[in-house]
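Quick notes on the structure that follows.
The values are calculated or read from the model by the stated rules, or taken from the named source; none is laboratory data. Given the structure is predicted, the values throughout are model-derived calculations rather than measurements. Note that we place each Cβ from the backbone using ideal geometry, even for glycine, and neighbour counts take in every protein chain shown. The area values use the complete protein model at the heavy-atom level, side chains included, leaving out ligands, DNA and RNA. Shrake-Rupley method; radii C 1.70, N 1.55, O 1.52, S 1.80 Å.
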Amino acid sequence: MLLRARRILPGMWLGLLVCIAAMVAPACFAVLPSADAGRVLARIFVQEAWLSLFFALTLWLLERAHTRRLQHAASRAPTRHTWLLAGTAACTLLGYFAVQRGMPAARLGQGMFSFGQLHLVSTVFYALKTLLVLVLAWRVADPDPSFSPRPSS
């Protein structure tokens, strides 16, 4: 069951990120006044940030359990999946908890950076996180190379 969760969760996480970027954000700006759409999306991104941290932590724990099962318990070297998860967590922490927190002040003309600059940086972190989750989902979906469903000839 843990192996299935380890393979399914990255796909669910990727679906969430792509759905927000490709459907929710454009739909909000299509049907709501710009200020209202911004407020709705700000709330959505709060939830997405916390969910991303939850997914990263859960998948990290599953990855540790999987690694321990395959290797000796003494081996605690980080795996590629662990590095991908660390990157997604860093993108979330920097993109939301650092950059987006400064956007309201920037919108009022306060602070060192403009709203557009902060929005661009936040978008880059979101896109990078989505790319890292895509790579993670791709890698964990790959069947175990030691397992061969066909008998060898």
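Tabulated values for the structure
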quantity	calculated
Selection status of residue 30, farther than 18 Å from residue 119 by Cα, among the hydrophobic types (A, V, I, L, M, F, W, C), part of a helix (DSSP H, G or I) and open to solvent by less than 50 Å² (accessible area, probe 1.4 Å)	no
Boolean, residue 71 is open to solvent by 80 Å² or more (accessible area, probe 1.4 Å) and farther than 22 Å from residue 129 by Cβ	yes
Test result for residue 21, touching a residue at least 60 places away in the same chain (Cβ under 8 Å) and part of a helix (DSSP H, G or I)	yes
Top-ranked residue of the stretch 80-112 - restricted to ones that are in contact with a helix residue (DSSP H, G or I) (Cβ under 6 Å, 6 or more places away or on another chain) and either of a type in the set (Lys, Arg) or open to solvent by 80 Å² or more (accessible area, probe 1.4 Å) (or both), ranked as nearest to residue 61 (Cα to Cα)	94
Only one of 55, 29 that is at pLDDT 90 or above and closer than 23 Å to residue 137 by Cβ	55
Within the stretch 113-133, considering residues that are open to solvent by 80 Å² or more (accessible area, probe 1.4 Å) and part of a helix (DSSP H, G or I), the one farthest from residue 4 (Cα to Cα)	117
All positions within the stretch 78-92 that are closer than 11 Å to residue 125 by Cα and touching a residue at least 24 places away in the same chain (Cβ under 8 Å)	87, 88, 89, 91, 92
Residue, surrounded by the most Cβ atoms within 10 Å (Cβ to Cβ), within the stretch 33-64, restricted to residues that are within 19 Å of residue 22 (Cβ to Cβ) and of a type in the set (D, E, K, R)	48
